[in-house]
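Remarks on the structure that follows.
FYI, it's all coordinate maths here, none of it is from the lab. Fair warning: this is a prediction, and the values are worked out from it, not measured in the lab. Note: ideal-geometry Cβ built from the backbone for every residue, glycine included; neighbour counts use all protein chains shown.
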Amino acid sequence: MSITGILTALVTPFHADGSIDDAGIQRHVDRQVDAGIHGLVPLGTTGEFTTMTHDERTHVTEAVIEAAAGRIGVFPHTGAQSTAETIELSVHAQ
């Protein structure tokens, strides 16, 4: 796979109660696609991954992949505090 073009490091939208805003993710991804972005990088430092649980991180990965719907590539950040969790998140992202 060749990764070329413009990739956006996504923010993660949240509701006021701290829960993940799935509709906000869909809107944000649609805006990126409409703007001609070539790929998305969810869950980096701009995506608040350090404040999320493991389950929230996998949820955001799934939500972004679903929202992108094959229109552009999705390259989730999968780094974690342990090698085991990094591997688990990476396998999940595949």
Residue-count net charge about His15 - beta-carbon cut-off 11 Å; Lys, Arg +1, Asp, Glu -1
-3
Compactness of the stretch 7-93 as Cα Rg over 2.2 N^0.38 Å, two decimals:
1.02
For the chain, size of Cβ-based charge dipole, Lys and Arg +1, Asp and Glu -1, in debye:
380
Full extension between Ser82 and Thr51 adds, at 0.36 nm per residue less the Cα distance, a length in nm of 9.6 nm
Taking R0 as 30 Å, what's the FRET efficiency between Ile6 and His92 from their Cβ-Cβ distance, rounded to 0.05?
0.75
For the chain, with the dipole built from +1 on Lys and Arg beta-carbon atoms and -1 on Asp and Glu ones, taken about the Cα centre, which of His77, Ile37, Ala93 lies farthest toward the positive end?
Ile37
